[in-house]
Amino acid sequence: MASKTSPNFSFSGWDIWEFIKGRKKMIITAIGSICGYFAFGQELTALIIGPIFEAVWSVAEYWFKRISNKK
């Protein structure tokens, strides 16, 4: 499959859903930070809980998902 290059200063060929799917980890971290802020009411705690939530999510996703390891 040939790749297509978009011209400079153009969004032609850009897909919002592919962009969001590529930023899944960022969205999970933001959700964890928002939940941490509302649960504890402190900004620093929210900044710490966000990445911890993302790490736990990643471990759980790896644990429950069937992954083919290529050698």
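Every number in this text was worked out from the coordinates using simple rules, so none of it is lab data. Since we're looking at a predicted model, the values are computed, not measured. Using ideal geometry, Cβ is built from the backbone for each residue, glycine included, and neighbour counts are taken over all protein chains shown.
Things to note:
- Restricting attention to region 21-44, the residues being polar (S, T, N, Q) and out of contact with any helix residue (DSSP H, G or I) (no Cβ under 6 Å at 6 or more places or on another chain) number 1.
- Cβ pairs under 9 Å, 6+ apart, first in region 22-48 and surrounded by 13 or more Cβ atoms within 10 Å (Cβ to Cβ), second of a type outside the set (A, V, I, L, M) and in a loop (DSSP other than H, G, I, E, B): Gly36/Gln42
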